[in-house]
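Data block below; observations after.
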Number of protein chains: 2
Amino acid sequence: MTPALLDALKAALGAASVLTGDDIPARNEFDQTLGRPTRPAALLLPRTTDAVAAALRLCHEAGQPVVTQGGMTGLAGGAHPKEDEVALSLERMRGVEEIDPVAATLTALAGTPLAEIQAAAEQAGFHCGIDLGARGSCSIGGNVATNAGGNNVLRYGMTRHNVLGLEAVQADGTVLTSLNKMLKNNTGYDWKQLFIGSEGTLGVVTRVVLALHPQPGPVETALLACPSMEAAVGVLTRLGAEFGSGLMMFEGMWAEFIDTAVTMMGLPAPFERPHELLVLTEIAPGPGGAERVTDALGVLMEDGLVEDAIVARSGNDAARLWAYRESPYEYYKHLASQTIFDVSIPRADMAAAVADLRALAAQRWPSAMQVVFGHIADSNIHIVIGPTVPGVPTSPDEKRATEAAVYDVVAHHAGSVSAEHGIGRNKRPYLAHSRTPAELALMRTLKTALDPKGILNPGRVL
Amino acid sequence: MTPALLDALKAALGAASVLTGDDIPARNEFDQTLGRPTRPAALLLPRTTDAVAAALRLCHEAGQPVVTQGGMTGLAGGAHPKEDEVALSLERMRGVEEIDPVAATLTALAGTPLAEIQAAAEQAGFHCGIDLGARGSCSIGGNVATNAGGNNVLRYGMTRHNVLGLEAVQADGTVLTSLNKMLKNNTGYDWKQLFIGSEGTLGVVTRVVLALHPQPGPVETALLACPSMEAAVGVLTRLGAEFGSGLMMFEGMWAEFIDTAVTMMGLPAPFERPHELLVLTEIAPGPGGAERVTDALGVLMEDGLVEDAIVARSGNDAARLWAYRESPYEYYKHLASQTIFDVSIPRADMAAAVADLRALAAQRWPSAMQVVFGHIADSNIHIVIGPTVPGVPTSPDEKRATEAAVYDVVAHHAGSVSAEHGIGRNKRPYLAHSRTPAELALMRTLKTALDPKGILNPGRVL
């Protein structure tokens, strides 16, 4: 960047909001893909939408590339800076500005951590529909920019479904404000939908209006052993019909996943014998309570859809069941490297895709640990493949080959190479596996229309 | 249009799919706003997406304006042709192509009537989340193009929330296909969101993949008398917390509305005395059944949020309660003219907005019938204002003045001039009441990027 632009940014934002060199904190520098820091030309820390607008106006005039940063918890490399970029972090635009109890909405600045929003909603007697593992660090602006998913998408939808209003700044500094609180509002193009999930390539989200939900009430947690994916989908359908919106979560863990949890992670075997697929489910049964859940599970067992089941009798019990689902967070302690996938497969194809992945792994990486788990209800599975030679980190070339092979399986089953993590920089080479040339051309048309100089998050998504 | 283009269209689509002159049916000609037919230059009746693409390619090359038509039930004048336009009707692209019971999705051609989709979903053991009064005539393509609302938005969201995949044809004939069945799919820009609700100005929807829902089970219908809007919102919040997704519908009818139903329409007074606001609600209570509903209403009455209540004991009872809500469908038999509004007001402002509307009516149109009713949960109210001199149709000038006055009240309360009907041609002059100049500029940028020659539904929305 030019010294003139740096001076102009300092004049517009104040010197304390423009950091360079060693003043830039490590968190704003780290590049997960490269595994090392890449220092941006400058780090901007605006406190207001006007400051964001001023910064973008100046960068736009100068043709200066800008990477937008939220909580830096993304898994697709979208927010990690390149050395010629200005990093624009929303971290100082933080706070819940309003909870409207009549409209059941919450308005927050983009840099507000998700956990802060969840707590504010609960304190006001509501429930925030967005939840994911990174809740303590991720920001709502990042959640919106990436259309974040999580464990409760079955119940509350993706982030997109929870957003009623948005304020965003376009590449040239134009501020778009639609802090809408109304469920129905068909006044022209719903432009916020375009910004949600575009990973900062079309504009910078500065404020968000979320729809809040009633608190779900007491939740029952159960671990179910299913003989097949088909049976698990049957269980999902039946529990959905029985409990409606009370069905909060439905997470699948295939046999190898549980085997790894037991043999590598040292967790106790949950059932007497292995089963093809375990399901961790959470149900808010409402009136009738826990008894209704055990009754429903009893019928599912009689019908052969569930072979065995554990219903948590306490918070400790529930934590023990959750430990299986969360065991991948600790894989890094045991594995020299991991190749991690976040893909969607249409539900009817999921069993076949898992079989194909198993066959692929057996043939290509017979010594590598490979596990499949994830959000069955949302068609979303995660796959982890360990080093092909145990104890030896997978080389970048080998990793690319692994990705190409797995994404071919995904494409074969008409799946999505990114279910909830987004494309960022890491999955850009594979976007064409899930999108047609016409779709990609349309995306480029939209990008050019909204960011003609290509200054926003260049090299991400497209 | 040029004879050369007409010949080319006949060659591409077949002469039987290109009608002109007196061969064009009345339904494809009528202009609701003008109150008389306006005959398009030609009516195209393609049977396939390829035919739609061929037609648009030819029209695009020739710079020929095209108006897209579905079930012709829209209320914003979007589909009514102008004389220089080619009308493109999707009515022959009709049929449910697939129901995927594992993914819980339904794929249909755009011209399929909504009622046909609803019936197919029920037959397969599912429930379609989209429902509105025009269900027998409206088409799913039109529902998507206008992001249709209806009575169950509280439960299932707008049409947008029910669409998983889309096939659409761009202005230049490019076919975009994303017949996605997966709940999570973050692969680049979610372009379908831009087409949903853009009222045919950005492309022509040809196929839709809908998410289906579990059947809700038996539904209880009740009419509640509330002392105030504030009390009604309290009832909404409490019933939402109690019944979750079992709360299917929550429709408000203000005092004047019920008074009109009784005095003008001849319906029996529902309660012994008038109340500020009646609410028609439908609840699928699940286990516990009707008793749970009466119990919940009992508590609401004890707490003073509900002053009186009628719970339907039979289908006939329910129909009698529904008759109030549906009485506006028959207003035309009693009134020389009606000025109808479909607006949203943030819930916290709704009582004040109704008070302002009453004051406005008392001052400006003291002799005109004016009623307010609608989907409180969705922030959406409808307003009907009868002729200012009873028995004398409102003049076009007077109608415009009425619209301007009402939309000023809406804008004052940060509301939306179109909740669910869309902008079309009729509300185009008022779009700026609900959108900022920056938003309108962005909409124009998107329009220009996707339809550079401006051939798709010109003069609608923007």
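Distance between the pseudo-spin-label points of A:Lys10 and A:Thr436 (7 Å out from Cα toward the beta carbon): 5.3 nm. For segment A:169-200, a reduction of at least 50 Å² in accessible area between the chain on its own and the assembled protein chains (probe 1.4 Å) is found at A:Met182, A:Leu183, A:Lys184, A:Asn186, A:Thr187, A:Gly188, A:Tyr189, A:Trp191, A:Gln193, A:Leu194. The amide H of A:Thr68, built 1.01 Å from its N in the peptide plane, has A:Leu88, A:Asn457 as neighbours under 5 Å, considering only residues 5 or more places off or on other chains. The accessible-area loss of segment A:373-402 on complex formation, taken against its chain alone with a 1.4 Å probe, reaches 30 Å² or more at A:Asp378. Taking the charge dipole of chain B about its Cα centre, with +1 at Lys and Arg Cβ atoms and -1 at Asp and Glu Cβ atoms, the residue from B:Thr174, B:Pro390, B:Leu278 reaching farthest to the positive side is B:Thr174. Each chain gives up part of its surface: B and A jointly bury about 6000 Å² of accessible area, both sides summed, for a 1.4 Å probe. Burial here means at least 30 square angstrom less accessible surface with every protein chain in place than with the chain by itself, probed at 1.4 Å; in segment A:411-436 the buried residues are A:Ser416, A:Arg435.
Label sites at A:Trp322 and B:Ala323, each approximated as a point 7 angstrom past Cα along Cα to Cβ, lie 5.4 nm apart. In a simple Cβ point-charge model (Lys, Arg +1; Asp, Glu -1; nothing else charged), segment A:220-329 has a dipole of about 260 debye relative to its Cα centre. Backbone geometry of segment B:97-109 corresponds, through the Karplus equation with coefficients 6.51, -1.76 and 1.60 at θ = phi - 60°, to 3J(HN,Hα) couplings of 8, 7, 10, 9, x, 6, 7, 6, 10, 10, 10, 9, 6 Hz, x marking Gly and Pro. The GluC sites (Glu not before Pro) found in segment A:259-363 that occupy coil by DSSP, while having at most 10 further C-beta atoms within 10 Å, are A:Glu272. A simple rule links phi to the HN-Hα coupling: the Karplus curve 6.51 cos²θ - 1.76 cosθ + 1.60 with θ = phi - 60°, which for segment B:245-251 gives 5, x, 7, 9, 7, 8, 10 Hz, with x for Gly and Pro.
The residues of chain A expose on average 36 square angstrom of accessible surface per residue, using a 1.4 Å probe on protein heavy atoms.
Segment A:1-60 and segment B:107-140 have their alpha-carbon centroids 52 Å apart. Judged by the gyration tensor of its Cα atoms, with axes a ≥ b ≥ c, segment B:1-118 is oblate; a/c meets the 1.5 cut and b/c is at least as large as a/b. With label points defined 7 Å past Cα in the direction of Cβ, position A:Glu97 shows copy-to-copy spacings of 4.3 nm, given to one decimal and shortest first. Taken about its Cα centre, segment A:96-214 carries a charge dipole of about 280 debye when Lys and Arg each add +1 at the Cβ and Asp and Glu each add -1 at the Cβ. Evaluated with a Cβ-only charge set (Lys, Arg +1; Asp, Glu -1), the protein assembly as shown carries a dipole of roughly 2080 debye about its Cα centre, given to the nearest 20.
When the listed pairs A:Lys192/B:Lys192; B:Lys399/B:Lys447; A:Lys82/A:Lys333; A:Lys184/B:Lys333 are checked against a 20 Å cut-off, the alpha-carbon distance exceeds it for B:Lys399/B:Lys447; A:Lys82/A:Lys333; A:Lys184/B:Lys333. Using 0.36 nm per residue and subtracting the Cα-Cα separation, the extra length available between A:Ala119 and A:Ser367 on full extension is 84.8 nm.
Near the amide H of A:Ser337, within less than 5 Å, lie the amide hydrogens of A:Thr394, all on another chain or at least 5 residues away, with H placed in the peptide plane.
Under 5 Å from the amide H of B:Asp31 lie the amide H atoms of B:Arg36, B:Thr38, each residue being 5 or more positions distant or on a separate chain, with H modelled from the backbone and absent for Pro and chain starts.
Distances from A:Ala401 to itself in the other copies, using label points 7 Å out along the Cα-Cβ axis, amount to 8.1 nm in increasing order. A label point on A:Arg36, set 7 Å along the Cα-to-Cβ line, lies at 7.8 nm from each of its counterparts in the other copies, closest listed first. The phi torsions of segment A:405-416, fed into the Karplus equation with coefficients 6.51, -1.76 and 1.60 and a -60° offset, translate into couplings of 5, 5, 5, 5, 4, 4, 5, 4, 9, 6, x, 10 Hz, rounded to whole numbers, with Gly and Pro shown as x. Ordering B:Ala104, B:Ala54, B:His161 by Cα displacement along the dipole of segment B:34-169 toward the positive end leaves B:His161 in first place; charges were set at the Cβ atoms of Lys, Arg (+1) and Asp, Glu (-1). Surface composition of the protein assembly as shown: carbon and sulfur atoms hold 53% of the protein heavy-atom accessible area at a 1.4 Å probe.
With the charge dipole of the protein assembly as shown set up from +1 on Lys and Arg Cβ and -1 on Asp and Glu Cβ about the Cα centre, the Cα lying farthest toward the positive end among the listed residues B:Thr448, B:Ile130, B:Gly252 is that of B:Thr448.
The values are calculated or read from the model by the stated rules, or taken from the named source; none is laboratory data. Predicted model, so just to flag it, every value in this text is computed and none were measured. Cβ: placed from backbone, ideal geometry, glycine included. Neighbour counts: every protein chain shown. The area values use the complete protein model at the heavy-atom level, side chains included, leaving out ligands, DNA and RNA. Shrake-Rupley method; radii C 1.70, N 1.55, O 1.52, S 1.80 Å.
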